[in-house]
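> Submitted below is the structure of interest, expressed as structure tokens.
Laboratory data are not the source of any read-out in this text; all were calculated from the coordinates shown. A quick note: this is a predicted structure, and the numbers were derived from the prediction, not measured. In this analysis, Cβ positions are derived from the backbone assuming ideal geometry, glycine residues included, and neighbour counts consider all displayed protein chains.
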2 protein chains.
Amino acid sequence: MLLLHLVRGRGRVRAISTKASLKISPFPHTFTLSLSSHTHSPMATEESLRKSLADKQSAVESQGNAVRALKASSAPKSQIDAAIETLNALKLEKSSLERSLHSILAGGGDTREAFRQSVVNTLERRLFYIPSFKIYRGVAGLFDYGPPGCAVKSNVLAFWRQHFVLEENMLEVDCPCVTPEVVLKASGHVDKFTDLMVKDEKTGTCYRADHLLKDFCNEKLQRDLTLSSDKAAELKHVLATLDDLSGEELGAKIKEYEITAPDTKNPLSDPYPFNLMFQTSIGPSGLSPGFMRPETAQGIFVNFKDLYYYNGNKLPFAAAQIGQAFRNEISPRQGLLRVREFTLAEIEHFVDPEDKSHPKYPEVADLEFLMFPREEQMTGQSAKKTCLGDAVSKGIVNNQTLGYFIGRVYLFLTRLGIDKERLRFRQHLANEMAHYAADCWDAEIECSYGWIECVGIADRSAYDLRAHTDKSGVPLVAAEKFSEPKEVEKLVITPIKKELGLAFKGNQRMVVEALEAMHEKEALDMKAALESKGELEFKVCTLDKTVTIKKNMVTIQKEKKKEHQRVFTPSVIEPSFGIGRIIYCLFEHTFYMRPSKAGDEQLNVFRFPSLVAPIKCTVFPLVQNQKYEEVAKLISKSLTAAGISQKIDITGTSIGKRYARTDELGVPFAITVDSTSSVTIRERDSKDQVRVDVEKAASVVKEVTEGQRTWEDVWSTFPHHSSTAADE
Amino acid sequence: MLLLHLVRGRGRVRAISTKASLKISPFPHTFTLSLSSHTHSPMATEESLRKSLADKQSAVESQGNAVRALKASSAPKSQIDAAIETLNALKLEKSSLERSLHSILAGGGDTREAFRQSVVNTLERRLFYIPSFKIYRGVAGLFDYGPPGCAVKSNVLAFWRQHFVLEENMLEVDCPCVTPEVVLKASGHVDKFTDLMVKDEKTGTCYRADHLLKDFCNEKLQRDLTLSSDKAAELKHVLATLDDLSGEELGAKIKEYEITAPDTKNPLSDPYPFNLMFQTSIGPSGLSPGFMRPETAQGIFVNFKDLYYYNGNKLPFAAAQIGQAFRNEISPRQGLLRVREFTLAEIEHFVDPEDKSHPKYPEVADLEFLMFPREEQMTGQSAKKTCLGDAVSKGIVNNQTLGYFIGRVYLFLTRLGIDKERLRFRQHLANEMAHYAADCWDAEIECSYGWIECVGIADRSAYDLRAHTDKSGVPLVAAEKFSEPKEVEKLVITPIKKELGLAFKGNQRMVVEALEAMHEKEALDMKAALESKGELEFKVCTLDKTVTIKKNMVTIQKEKKKEHQRVFTPSVIEPSFGIGRIIYCLFEHTFYMRPSKAGDEQLNVFRFPSLVAPIKCTVFPLVQNQKYEEVAKLISKSLTAAGISQKIDITGTSIGKRYARTDELGVPFAITVDSTSSVTIRERDSKDQVRVDVEKAASVVKEVTEGQRTWEDVWSTFPHHSSTAADE
């Protein structure tokens, strides 16, 4: 199961206060390839195959016994031969069944694996990324972006700034990574940002408990063809509910299945929680613990008051932040998808909880794309092309602002070059969501690892601002001023902290919060019960238990007041982008192979849109020639002056090889200098070439890379150039 | 004394291996305002004043005694009154002398302080920056950039990418902040990236030892007017040599001056080194120590091999990186200048040590700006306007490539808006530089804190690549292929490690390095001495002592070889930019105040060039009016579509107030909608306004902010609009 930094870490931390058991991940269902119930695994076929295989295995065994018996009884050769022939036929049938089962279990995995290998080889060879500190044998989960990867990343971030910050007039901030403990205590990360870990009892090597159990089940299901269909169903159930298992339950399963340390086969410890934050110490005293932030959002929340003021004390407004976040994975896997340090881009859109409309919502309402609402997931359907406006008006998406951001995220991702058909918006299931969350959707992108959440878009209600208000004592609230004072009747719940403190000690805060969070009806019921019986049982979700509330512990009464303003904690709608994951999926979606002109090799191409291409244009003299070189340098210089990243290649390599090299970097255009008056411009994917005057070349490339002009337009404007044998 | 992250940390770490004593900072002289010998402090006047004051003090005392004696002897009243009059006159003269001395000692400090306060107030009020985690009472040395600050920063970085990475075709990389110990062990940071610290012996509060001594000396010099001029000279000497003091020497001075803990007056511990890196642990085992990188450069060095390959195995080439760096200051001071987390932008330009010419050098050779070579500093002169080409050709700047980068840095800083007159390039003194460095210059910017290094430009020779080659065993070298094999005679120095190990144990490596680093002449002398005498005394700088080398410890001989290529460790020239410091200095250089039209208040303005202005344009309807609002929204939308950051303000506030608000954010242009057909465009600094058609407004602003057109040109093209009383 693929567990994701971004949403999972946060979902867990923020969801945890409602749940008694530690939730490892909110996504139990989606990523186990053909093993998941949501991906239409051919269950019937698999089950019947397992059954036939078991039958065939018995048949083989009994026929084997028969042959041995015949031999022992010195039966006639012809009779023995016939029996052997039957045995061989049965064996053949069995291995055919095995092959069918294998292929079902692999579920296209081999092809996917091979495709991924091609992409990753190209990415590593061309230094899109590099395992960090390679000369020192690297560190798991840390990667460098090499030159083309770094350029793609900076293009993606620049477009993010244009598409979100600039177009929405967001307030961008830039906060430090080093964060004092108190902030992450308030947010819940200090207590709950954990994974369950087991240790090799002899060597001390650490493993993620759920990973070991998952690997065991998958291995068993895929390799053990003798598995009964009952046992297979059991293992599948474990996989599906893996993320709901408590530490004790995980430990029990590990014991039951006799799972040992993968490398040494030593026994394993019981699972225990490991906090995933990198810890450090601020200042020289050693008395101020700090952490490297696990997300950028907290930096925005703690600044709410100043940002609200900066915005003229008006709602709604959005703040945004791009920056590094850290997660000290127990054992990082899956290359660029699960790393220990990554770039997040987060938006916190603050809004009046009573008005979640959005003025620009009509601009996205007509968009259609794959949506995967809760209902469809529960009933085993798949994602369907849906009109966003319909989903909002039917109440499937909770509110306009959430819908607006879903639409904007869709536009952002597809403009980067993410394939629409491999992008879906999946709604969180009720059990994945925190109690306070109004609604939550993940933009999931399909790649060779399965469907990967790359953006989480959550309506987190007032949770985060309240948490920091409570911890800091600074009210993070907004106010709506009335044009004239209003007389209001309010139900006032006043927990008597002294009494609660005496009764509940360390749990006092949770009880107070639960009391204050009561809805009107609940509070009135409590008032009635306290008045009649003097006490009542009260469920405190965050403690996962029921406590006895006595009459002296809380007062509840209706009061009439004249109010000049309504003071409230804003809701926050949070689109949160895992930039590295988006980039990795983009690499897979834009990668393809095509035969060389001679047909003797497969050439790699990244079909990056100009927007994200690491280099927009290459400039080649066709042959080594001083005059051509001068022209090439001139063009290269004007491209740079126009802010178009370019690369000049004056090596004597054949032009075909030079094209192939730049196709592999995803460079969309190549200018080839084959005369001093005009040059050719080649488009990467069509390999079409036009002939353009030297003076115009740079500006044509600028227009077409900056989107002021399409290649089709260029193609219909300029004379075509047909490539000669030397060209390709 | 101002000690700087950037260059100091690195200078120290990298310089340290040559020096026996721990050097705290390479910049003893420049930052102590009027106390520094380099800033022409009016020594003569100060000294004579101190002397006159001491004389006057004695006169006051003896006259006081005289008065008392007269009183005791019951002298006539008239006589006593006359003596008192004399005494008062003497006291008046004394306090006048005190005022003069005070004012000399402050050296304009009060004005500077007041100016800084105005800038900082504006910056904080308008959220250019915010003390991080303010609602939790903050953390010293951590700051957030609020919305306008963040926009300025992202503009500065975008321009840095255009000016350096794009224009020089540099290979930009992006490496993690989390760094394993081995890398920083190789670079020297684990052992040497330290400051000397003392602890309050009772409370455990930590202080920087040099800060306490510095504060004591400054305080004494500035406040104690009874100080003898001898004592004053002594304290000044301490200040000037502060950075050369060892831990023991610092401790001795602290004892001698009886310096105690500032807050409690408790006794202090002896000074001891504190490592300034934030330490953490990678992975769950607790066995892999890691640090938050103190600079970005190491990520480039460890990737040298891959980057050289990416560049077609050709030199020279430059790699660049922008990213966060960390420094766990003992007690951060001076706001944005000395922080615990900061953004660095670093370039490592790799070059053949035998050819440090630069093809683009002629483009900068004619630049003239303030340079402050070593020689001028030693002879007490000040920085002079110098032609860069002259400095290079005279050998003052070591080589063309270094000179080229000095020129490019000058262009970068001045285009951002740094005042040429408050920018100088200061060469490191011989004792500030590491033994391996060929030359080093700092771009220093003058602000209210004095001259601040903001960029260090160093020719670090082969040091860093060699350090990682040694530690990792992976040769980080380049090769020049010969067209045909060359017969070369080489002097081969082969230290016999076994013998050296026996003789020098833990010091073996330093001895080996020193032997290998010998010049030809030195080696031949050693060979001769060993052959004649069997041993000789040999100075090992890194050990700061002389060792005895015996004949069996090293072989030195000339060998003839046929070589097909020359393999060598490239030199690296490193321009390293402290982005936060540059931005802070930019704030000070662009800030000014001017009276409001009514003359009743001072208004603040940042005269940011459009390039760095956080918002390029504001759009106002002159009065609240639906038609004007619609026009304003239309213009605002076209500006955004054109990628021009803008802010629309439809509040009913007076237009003058709205202008003042945006001037304070440094917004260069304001469009005011006062009709539906045409609008006015106002330039911030001149307050001049032109009238432009509605349809053209956005494109005129785009052209003038992107530098395709000057304001002068706009001013001469469009009709002028004279502001009415309502406007300003």
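> Once the dipole of chain A is set up with Lys and Arg at +1 and Asp and Glu at -1 on Cβ about the Cα centre, which of A:467, A:704, A:49 lies farthest towards its positive end?
Going by the charge dipole, the pick is A:467.
> What does the extension gain come out to for residue A:517 and residue A:592, with contour length at 0.36 nm per residue minus their alpha carbon separation?
Details: separation 75, 0.36 × 75 = 27.00 nm, distance 5.42 nm.
That pair, residue A:517 and residue A:592, stretches by 21.6 nm at full extension.
> Oh, and also: When a/c is below 1.5 the answer is rounded, else prolate if a/b is larger than b/c, else oblate, so apply that to the range B:615-721 with a ≥ b ≥ c taken from the square roots of the Cα gyration tensor eigenvalues. Each step should come with its number before you reach the end.
Values: a/c = 1.34, a/b = 1.24, b/c = 1.08.
It comes out rounded by the Cα gyration axes.
> Using a simple spin-label model with points 7 Å from Cα along the Cα→Cβ vector, what separation in nm is obtained for residue B:480 and residue B:55?
Going from the residue B:480 label point to the residue B:55 one covers 6.9 nm.
> At 7 Å along the Cα-to-beta-carbon direction for both residue A:80 and residue A:233, put a label point, then send me their distance in nm to one decimal.
4.5 nm
> Sticking with this one: Considering only the label points, 7 Å along Cα→Cβ from Cα, what distances in nm to one decimal separate residue B:431 from the same position in each other copy, shortest first?
Spacings between copies for this position, smallest first, are 7.3 nm.
> Under the rule of -39500 (n - 2.57) per DSSP H run of 4 or more residues, summed and divided by the residues of chain A, what mean residue ellipticity at 222 nm is obtained, to the nearest 500 deg cm²/dmol? Working shown, then result.
Numbers: 24 runs with 284 residues, N = 728.
Taken over chain A, the calculation gives -12000 deg cm²/dmol.
> Something else: Going through the cross-link list A:134/B:314; B:533/B:560; B:497/B:539; A:486/B:134; B:305/B:481; A:314/A:360, which pairs have a Cα-Cα distance over 23 Å in this structure?
On the way: A:134/B:314 21 Å; B:533/B:560 27 Å; B:497/B:539 18 Å; A:486/B:134 34 Å; B:305/B:481 17 Å; A:314/A:360 17 Å.
Cα-Cα > 23 Å for B:533/B:560; A:486/B:134; rest within.
> Another question, if that's okay. Residue farthest toward the positive end of the dipole of chain B, with Cβ of Lys/Arg at +1 and Asp/Glu at -1: which of B:608, B:435, B:252?
B:252
> Considering the options A:398, B:570, B:204, tell which one lies farthest towards the positive end of the dipole of the protein assembly as shown, charges being +1 on Lys and Arg and -1 on Asp and Glu at the Cβ, about the Cα centre.
Projecting each Cα onto the dipole axis, the largest value belongs to B:204.
> Determine ³J(HN,Hα), in whole Hz, for all residues of the range A:508-522 in sequence, where each value follows from phi through the Karplus function 6.51 cos²θ - 1.76 cosθ + 1.60 and θ = phi - 60°; x replaces Gly and Pro.
Going residue by residue, I get 3, 4, 5, 5, 4, 4, 5, 5, 5, 7, 4, 6, 4, 4, 4 Hz, with x marking Gly and Pro.
> While we're looking at this one, here's another question. Bin by bin, in steps of 10 Å, what percent of the Cα pairs in chain A do you find, going until the bin that has the longest distance?
Distribution as computed: 2, 12, 19, 21, 18, 13, 8, 4, 2, 1, 0, 0 percent.
> Sticking with this one: Taking θ as phi - 60°, what are the ³J(HN,Hα) couplings along the range A:424-432 by the Karplus curve (6.51, -1.76, 1.60), each to the nearest whole Hz, with x for Gly and Pro?
Calculated HN-Hα couplings, in order: 9, 10, 9, 7, 5, 6, 3, 7, 8 Hz.
> Let me ask something additional. Roughly speaking, what is the centre-to-centre gap between the range B:616-669 and the range B:524-573 when only Cα atoms are used, to the nearest Å?
72 Å
> Given axes a ≥ b ≥ c from the Cα gyration tensor, I'd like to know whether the range B:527-577 is rounded (a/c under 1.5), prolate (a/b larger than b/c) or oblate.
Cα axes put the range B:527-577 in the oblate bin.
> Ranked from highest to lowest mean number of other Cβ atoms within 10 Å per residue, what is the order of the peptides A:365-378, B:318-331? Numbers along the way, then the final one.
Numbers: A:365-378: 17.2, B:318-331: 22.4.
Per-residue Cβ counts within 10 Å, averaged per peptide and sorted highest first, yield B:318-331, A:365-378.
> Using alpha carbon centroids, what distance separates the range A:380-406 and the range B:358-393, in Å?
Measuring centre to centre over Cα atoms gives 65 Å.
> Please pull out the direction-averaged projected area of the protein assembly as shown, using the convex hull of its alpha-carbon atoms, in nm² to one decimal place. Write down the numbers at each step before the final one.
On the way: hull surface 314.7 nm².
With every direction weighted equally, the projected area is 78.7 nm².
> Sticking with the crude label model, points 7 Å out along Cα→Cβ, report the distance from residue A:497 to residue A:355 in nm, one decimal please.
3.3 nm
> Placing +1 at every Lys and Arg Cβ and -1 at every Asp and Glu Cβ, with all other atoms neutral, what dipole size does the range A:43-107 have around its Cα centre, in debye to the nearest 20?
Values: 9 positive and 8 negative charges, 41 e Å.
Rounded to the nearest 20 debye, it is 200 debye.
> Further, regarding this structure: Between residue B:653 and residue B:627, how high is the FRET efficiency from 1/(1 + (r/R0)^6) when r is the Cβ-Cβ distance and R₀ = 22 Å? Nearest 0.05.
Working: r = 19 Å, r/R0 = 0.87.
It comes out at approximately 0.70.
> Let me ask you something else. Treating the Cα atoms of the range A:479-567 as identical point scatterers in vacuum, please give the log10 of the normalised Debye intensity I(q)/I(0) at q = 0.16, 0.18 Å⁻¹, two decimals.
Debye output, listed in q order: -0.68, -0.80.
> Follow-up. With a ≥ b ≥ c taken as the square roots of the eigenvalues of the C-alpha gyration tensor of the range A:43-107, please select rounded if a/c is under 1.5 and otherwise prolate if a/b is larger than b/c or oblate if it is not? Kindly include the intermediate steps, with their values, before the conclusion.
Values: a/c = 4.68, a/b = 3.02, b/c = 1.55.
Since a/c reaches 1.5 and a/b is larger than b/c, the shape of the range A:43-107 is classed as prolate.
> A further question on this structure: With a cut-off of at most 14 other beta carbons within 10 Å, and DSSP calling the residue loop, which trypsin sites (Lys or Arg not before Pro) in the range A:88-170 qualify? Please list them.
On the way: sites: A:91, A:94, A:99, A:112, A:116, A:125, A:126, A:134, A:137, A:153, A:161; in loops: A:126, A:137.
Listed in order of number, the matching sites are A:137.
> Next question. Where the label is 7 Å out from Cα toward Cβ, how close does residue A:124 come to the same position in every other copy, in nm, shortest first?
5.2
> May I ask you to report, in nm to one decimal and beginning with the shortest, the distances from residue A:470 to the same position in the other copies, taking label points 7 Å along Cα-to-Cβ?
The answer, with the shortest distance listed first, is 5.5 nm.
> Bin width 5 Å, origin at 0, all Cα-Cα pairs of the range B:423-543: what percent of pairs per bin?
With 5 Å bins starting at 0, P(r) equals 2, 8, 11, 15, 15, 14, 12, 9, 6, 4, 2, 1, 0.
> When you look at the Cβ of every residue in B:305-312, what mean number of other chain Cβ atoms sits within 10 Å? Please list the in-between numbers first.
Working: counts 2, 8, 4, 0, 2, 7, 1, 3.
Whole-number average of other-chain Cβ neighbours for B:305-312 is 3.
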